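Below you'll find the structure, written out as structure tokens, and then a few comments.
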Amino acid sequence: MNHTAFDHQRVQVSDGVEVNVAVTGSGSPIVLLHGFPQTHLMWRHVAADLAADHTVIMPDLRGYGDSDKPADTGLTYAKRTMAADVVQVAQALGHDRFALVGHDRGALVAFRTGLDHPQHVTHLASLDVLPTLDMWDVMRGTSAAIGFHLFLMAQPPGLAEEMISATPDAFFGHFLDIWSGQPFPQEVRAEYLRASREAVTSIVADYRASATIDVEHDTADREAGNQLKMPVTVLQQDWGAALGFDAKALWQAWAPDLDHRTVSCGHFMAEEAPDVVTTAIRDLIAR
């Protein structure tokens, strides 16, 4: 399901993998990175607004949507590798510096891009995640059951892929349903299920990386005192109230120039409350 207002193209990234990229609008560039279990289609409302005065670039992350899904070597789905993809895509489209917005898994890629490539990222926004190290730290006790998929897909290759592949629509549909404040349009939900059904192995590899190599990379940055140097905006549901942590304080340690906002909609905020998201992005770029 391609949004008719988007120009779609394939861009080869550093290791020969091609990613599917949707582009719309004109003006200063903004790269939008989707989350799980979705594709670039999740940005359709936000992109329509931002396209009035920005070039909006929406890749499918490697391993997702209509992008290539290379076999995992241990580094293939590291956020460091996926961050390099983002820079490569932007540069292939003629943009060396860009604002970057990520939701869910895409926000973890954006976070890593901001740490590894600060010379390219002018502004950074994260929608509804914690940085990887902080996420694992707050998942404690019975309340951590809400993140059961994180633990399932952290297991060594084999079992998770087999279990999810047996009933992919039930698995991915579960998250589309329980995380949303409102039902998805039927054709959009069907597209997310199709794309996820065809990407089980690579999606699991992406999550496995966040329990292995991504932890190593983030730990090294934390120990070195590395922080995000650009203005950062974070939009989050109030998970801290449910799980007992101060989300703003956790983010502040990584992002000194922080605007942290709590939203009242569900997890899929770019579709449930696009005006809230576009306002936050425009406010960020004005900083």
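The values are calculated or read from the model by the stated rules, or taken from the named source; none is laboratory data. Everything numeric in this text was worked out from a predicted model, so none of it was measured. Please note: Cβ atoms are built from the backbone with ideal geometry, for glycine as well, and neighbour counts cover all protein chains shown. These area figures cover heavy atoms from the full protein model, side chains too; ligands, DNA and RNA do not enter into them. Shrake-Rupley method; radii C 1.70, N 1.55, O 1.52, S 1.80 Å.
Here the chain has 53 percent of its accessible surface on carbon and sulfur atoms, given a 1.4 Å probe and all protein chains in place. Here is the tail figure for the range 10-100: Cα pairs spaced more than 23 Å apart come to 18 percent of all pairs.
A cut-off of 5 Å between modelled amide H atoms, ignoring neighbours fewer than 5 places along the same chain, links T55 with S26, G27, S28, I30.
Considering the zone a paramagnetic label at A211 would reach in this model (a point 7 Å from Cα along the Cα-to-Cβ line), which residues of the range 139-167 have amide N under 16 Å from it? Only 139-141, 144-165 fall inside the zone, counting backbone N under 16 Å. Let me test this: with uniform point scatterers at the alpha carbons of the range 89-218, what is the Debye-based log₁₀ I(q)/I(0) at q = 0.16 1/Å? Log-scaled intensity ratios, in q order: -0.99.
Residue ranges 143-149, 212-218 sort as 212-218, 143-149 when ordered by packing (mean number of other C-beta atoms within 10 Å per residue, highest first). For K79, the lysines whose Cα falls under 18 Å of its own Cα, not counting residues fewer than eight places away in the same chain, are K69. Who wins for biggest fluctuation among V188, V21, V121 in a Gaussian network model of the chain, springs between alpha carbons below 10 Å? Maximum fluctuation in the GNM of the chain, among the listed residues, is at V188.
For the chain, modelled as a GNM whose springs connect Cα atoms under 10 angstrom apart, the maximal fluctuation among G114, G158, G35 occurs at G158. Comparing the chain with the 2.2 N^0.38 Å rule of thumb, its C-alpha radius of gyration ratio is 0.91 (two decimals). Note on the range 196-237: along the principal axes its Cα atoms extend 38, 25, 17 Å, ordered by decreasing extent. For the range 1-98, the relative contact order works out to 30 percent when only alpha carbon pairs closer than 8 Å and six or more residues apart are counted. Label point 7 Å out from R282 along Cα-to-Cβ: which residues of the range 42-57 have amide N under 20 Å? Within reach of a label on R282: 43-57.
Placing +1 on each Lys and Arg Cβ and -1 on each Asp and Glu Cβ, with no other charges, gives the range 96-135 a dipole about its Cα centre of roughly 80 debye. Taking the chain as a Gaussian network of alpha-carbon nodes connected by springs under 10 Å, the highest mean-square fluctuation of the residues D238, D177, D72 belongs to D177. The C-alpha atoms of the range 230-287 occupy a region whose extents along the principal axes are 30, 27, 11 Å, arranged from largest to smallest. Accessible surface calculations at 1.4 Å, restricted to protein heavy atoms, place the range 40-115 at 26 Å² per residue.
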